[in-house]
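The values are calculated or read from the model by the stated rules, or taken from the named source; none is laboratory data. This one's a predicted model, so the numbers in the text were calculated from it and none came from an experiment. Note that each Cβ is placed from the backbone with ideal geometry, even for glycine, and that neighbours are counted across all protein chains shown. With ligands, DNA and RNA removed, areas are computed over all heavy atoms of the protein, side chains included. Shrake-Rupley method; radii C 1.70, N 1.55, O 1.52, S 1.80 Å.
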Amino acid sequence: MRPAVRHAEAGDAGQVAELIATAFAELRVVRYLVPERRERRRVIAASYRILVDHAIEHGEVHLIDDGPAAAVWFPAVPPSSPPSGYDRRLGEATGEWADRFRALDTLFASHRPAEPCHYLAFLAVHPDCQGQGLGTALLRYQHARLDGLPAYLEASDPRNRDLYTRNGYQGRGTFALPDGTVFWPMWRPAGAP
């Protein structure tokens, strides 16, 4: 049976941010952003909530069924504007680690392509549900709706990079945070199968 994809609404934003925080909690980038393990989940969920709220209003957030997987997309109009009051809200959400989040934002912005493309900010699958094809289902759902435009993302883990490669994305080199955490920018050409 195929998983059902639905569009998230404002009332889903907290659940989506928590899902992303849970799915990403052990990624190297998250450990860099919030070194204090006891604070990590709360801080990253609060930071993701800012972007999820923004995507619900100005992009698209897709959920599988009751929410074990989610994708957060922004439309193909460069440059995308940040959420209202973003720097202040980010500082409130991330506290003493705000500069690390700002450094990551700057790094991402400096590598983002100038040409119009749909941007996948987050693809998250609950750890208990990984390996069941939910991430692929969310990718296929959006790929069928791209209107002939390409898509872009930054993979933060080799396993994720491989998932995207299987779904038509091509690597565009790498870049890294100051601690050596590597990202793989990836591009899915228009019309890719």
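At the residue level, PHE24 shows approximately 30 square angstrom of accessible surface with a 1.4 angstrom probe and all protein chains present. Of ILE50, ILE56, the residue with the largest accessible area leads and the full order is ILE56, ILE50 (1.4 Å probe).
Order the following by accessible area, largest value first: ASP65, ASP157. Probe radius 1.4 Å; ligands, DNA and RNA are ignored.
On the way: ASP65 75, ASP157 45 Å².
From most exposed to least exposed: ASP65, ASP157.
Exactly which trypsin sites (Lys or Arg not before Pro) in segment 66-158 are in a DSSP loop and have at most 12 other Cβ atoms within 10 Å? Before the final figure, lay out each step's value.
Numbers: sites: ARG88, ARG89, ARG100, ARG102, ARG140, ARG145; in loops: ARG145.
Those satisfying the criteria are ARG145.
Taking every full run of DSSP H in the chain, the ones that stretch at least 24 Å from end to end by Cα along their long axis and average -1.0 or higher on the Kyte-Doolittle scale are 37-58. Given springs between every Cα pair under 10 Å in a Gaussian network model of the chain, which of HIS111, HIS143, HIS126 has the largest fluctuation? Ranking HIS111, HIS143, HIS126 by mean-square fluctuation puts HIS111 first. Given springs between every Cα pair under 10 Å in a Gaussian network model of the chain, which of LEU123, LEU163, LEU51 has the largest fluctuation? Residue with maximal mean-square fluctuation among LEU123, LEU163, LEU51: LEU163.
Cα-based values for segment 5-149, radius of gyration first and Dmax second, are 14.8, 44 Å. Applying Stokes-Einstein at 10 °C and 1.306 mPa s to the Kirkwood radius of segment 50-129, computed over alpha-carbon pairs, gives a translational diffusion coefficient of 113 µm² s⁻¹.
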